[in-house]
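To start, the structure itself, in structure tokens.
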Amino acid sequence: MQRGNDEVLSFAAERARRYVREIGGHRAGPAASDVAALARFHEPFPETGTDAKEVVRILDELGSPATTASTGGRYFGFVNGGALPASMGASWLASAWDQNTSLRVMSPVGAELEDVALGWICEALNLPATCEGGLVPGATTASFTALAAARYGVLRKAGWDVAEDGMFGAPAIEVVVGAEVHASVLKALSLAGFGRRRLTIVEGDGQGRMRADKLPKLSERAIVCIQAGNVNTGAFDPASEICARAKEQGAWVHVDGAFGLWARASRKYAYLAQGFELADSWATDAHKWPNVNYDCGIVLVRDGAALRAAMTLSAAYLTPGTRREPMHNTPESSRRARGVEVWAALKSLGRSGLCELIERTCALAKRFESGLRAAGFEVLNEVVINQVLVSFGDAATTREAIRRIQEDGTCWCGVTEWHGKTAMRISVSSWATTEGDVDRSLEAMVRIARACGA
């Protein structure tokens, strides 16, 4: 017989609180034995049910040791943010609510908090208050959504209704990207029907910034994708120049700002992202620098009519109200109430807290840079925000050092390739990271890399 909700939730909360309380002392990545233990999950589909409390116990005892400690202070992989306490608490409550935020009538609170959160995001990032948008699983979906809106808007100027007539026989669209375009944008472009072989690729500089002087001649049937925060170096494309060129010809500019766009919330670093407000659409993540729980991406579009035309779903039983309906701004119909967690995170931080989070993590990245340079290792990028690339020697030595660092468990960083060199990428994104975490991680990095070099 299944236990009552209250007993199960209390048991789960106790386990979750213990996980959060102890995460700072855990390995940054799971041990091989903990990963191997996941094999115990593989069993034939049970003939009979299992008590809910027992299900939670199994999940905690097998699953928790095999997690990456991304909510701790020493996880520097993949630009993963942690989860702010307010966001985590809101997530627990939102799970209890179990809202489907498709239409306002399905979840008045879910829709309302999404409206508020989107407005606050525009304020924090100094983007046009009239933008329309939505909360989606991540920046890949956000870019897809924005590019579908761009496709509609660009073809509408040519007298073509892509929502009704599709892409067969449509006027050609030129898509322009930088040489360091992120793979998620390429995936989004592919999903939107823009083949990779049809892209115009613009040369980048030594930090991966698109060279504005190399832009091709544009037209009103062009979509230009620019980047706020290169995933390796953190560098920003020269948005002011690119947007000015695009606007002269009526081209659409889309911004991939998965994490870097949040630099605009900082008094110290906003200058790096100057000009991005001139674009037509933006994709970013709340689950990166703002430290909202996974998953939560954000799409914003200047032309709300183009967004709605590209996304609206019509069905007799899904009659929209007179106000914004979330499902008509995103690809999803059924969708979780992401606005609850975003609202909670931004409410808890405020403008000053968000600014402090951005600036403190950038300062910690500079601390990594200084420590690694002082130890004699080569930092490959200009550390402008929260990304650090370090080489420990030749490719084989660097890869072996990264493998041993991950195996050691003090911290977790990933491998990347930058302009022909193998490097370790350090992404400082978590509210929980302290100077002590950086110093402890530096000690492990230097000790292990020197052993590999020797």
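The values are calculated or read from the model by the stated rules, or taken from the named source; none is laboratory data. Being a predicted model, the structure only gives us computed values, none of them experimental. So basically every Cβ, Gly included, is an ideal-geometry build from the backbone, and we count neighbours across all protein chains shown. The accessibility values were calculated without ligands, DNA or RNA, using every heavy atom of the protein model including side chains. Shrake-Rupley method; radii C 1.70, N 1.55, O 1.52, S 1.80 Å.
Checking Ser314 against (1) assigned to a strand (DSSP E or B); (2) without any contact (Cβ under 8 Å) to a residue 60 or more places away in the chain, only one condition comes out false. Which one?
In the conditions (1) assigned to a strand (DSSP E or B); (2) without any contact (Cβ under 8 Å) to a residue 60 or more places away in the chain, Ser314 misses (1) alone.
Here is a list: Ile242, Ile298. Which entry is of a type in the set (A, V, I, L, M), crowded, with 23+ Cβ neighbours inside 10 Å and within 24 Å of Leu199 (Cβ to Cβ)?
Unique residue meeting the criteria: Ile242.
Would you mind telling me which numbered condition in (1) surrounded by 19 or more Cβ atoms within 10 Å (Cβ to Cβ); (2) under 22 Å from Ala129 (Cβ atoms); (3) touching a Lys or Arg at 6+ places or on another chain (Cβ under 9 Å); (4) among the aliphatic types (A, V, I, L, M) Ala270 fails?
(1)
Mind checking whether some residue in the range 59-68 is in a helix (DSSP H, G or I), hydrophobic (A, V, I, L, M, F, W, C) and open to solvent by 40 Å² or more (accessible area, probe 1.4 Å)?
Yes, because at least one residue in the range 59-68 is in a helix (DSSP H, G or I), hydrophobic (A, V, I, L, M, F, W, C) and open to solvent by 40 Å² or more (accessible area, probe 1.4 Å).
Restricting attention to the range 321-331, does a residue exist that is buried (at least 19 other Cβ atoms within 10 Å of the Cβ) and free of Cβ contacts under 8 Å to residues at least 60 places away in the same chain?
Yes, some residue in the range 321-331 is buried (at least 19 other Cβ atoms within 10 Å of the Cβ) and free of Cβ contacts under 8 Å to residues at least 60 places away in the same chain.
Ser334: surrounded by fewer than 22 Cβ atoms within 10 Å (Cβ to Cβ), hydroxyl-bearing (Ser, Thr, Tyr) and not in a helix (DSSP H, G or I), yes or no?
Answer is yes for this residue.
Among Glu132, Glu114, which is under 20 Å from Phe276 (Cβ atoms) and either out of contact with any Ser or Thr (no Cβ under 6 Å at 6 or more places or on another chain) or modelled with pLDDT under 95 (or both)?
One residue alone meets the criteria, Glu132.
Mind checking which residues of the range 253-293 are touching a Ser or Thr at 6+ places or on another chain (Cβ under 6 Å), assigned to a strand (DSSP E or B) and within 22 Å of Leu84 (Cβ to Cβ)?
The answer is Ala283, and nothing else.
When the residues of the range 2-19 are narrowed to those that are touching a residue at least 12 places away in the same chain (Cβ under 8 Å) and not in a helix (DSSP H, G or I), which ends up surrounded by the fewest Cβ atoms within 10 Å (Cβ to Cβ)?
Gln2
Taking into account only those residues within the range 20-50 that are of a type in the set (Ser, Thr, Tyr) and not in a helix (DSSP H, G or I), which is farthest from Trp412 (Cα to Cα)?
Top of the filtered list is Thr48.
Quick one: is Ala306 open to solvent by less than 20 Å² (accessible area, probe 1.4 Å), over 23 Å from the mean Cα position of the chain (by Cα), at pLDDT 95 or above and farther than 30 Å from Met445 by Cα?
For Ala306, the condition - open to solvent by less than 20 Å² (accessible area, probe 1.4 Å), over 23 Å from the mean Cα position of the chain (by Cα), at pLDDT 95 or above and farther than 30 Å from Met445 by Cα - is met.
Inside the range 95-109, can you point out the residues that are in a helix (DSSP H, G or I) and either hydroxyl-bearing (Ser, Thr, Tyr) or crowded, with 24+ Cβ neighbours inside 10 Å (or both)?
Of everything in the range 95-109, just one residue is in a helix (DSSP H, G or I) and either hydroxyl-bearing (Ser, Thr, Tyr) or crowded, with 24+ Cβ neighbours inside 10 Å (or both), namely Ser95.
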